[in-house]
């Protein structure tokens, strides 16, 4: 089974609505959700085929000061699978 690439990033709280709207307008770019509401940390599950486009979009958001601390991490669902 293939798993998506996994990323986390801080999204400027006052821009979350704008960020989410733009991100979700790109079909099949990936799945996003708020991982930590208090600290405005989002997580992203990105298909391999969309990773370049995802990184390009995140680069734009970083340049605009909307996204910071973008990091690629091991997919957290893999750890859940091992515990099951």
Mean Cα-pair separation over length for the chain, i.e. relative contact order, pairs under 8 Å, 6 or more apart, %: 44
Rough spin-label spacing in nm, given labels placed 7 Å along Cα→Cβ, for residue 16 and residue 48: 3.3
Per-peptide average of other Cβ atoms within 10 Å, ordering 31-38, 14-21 highest first: 14-21, 31-38
Gyration tensor (alpha-carbon) shape descriptor, the range 33-82, a/c threshold 1.5: oblate
Pairwise label distance in nanometres, residue 69 with residue 2, each label 7 Å out on the Cα-Cβ vector: 3.1
Structure-derived semi-axes √(5λ) of the Cα gyration tensor in Å: which label, when the choices are (i) 36, 11, 10; (ii) 22, 15, 11; (iii) 46, 12, 5: (ii)
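Values quoted throughout were computed directly from the atomic coordinates according to the rules given, and no laboratory measurement underlies them. As the structure is a computational prediction, the values presented were derived from the model and not from experiment. Every residue, glycine as well, gets a Cβ built from its backbone with ideal geometry; the counts of neighbours run over all protein chains shown.
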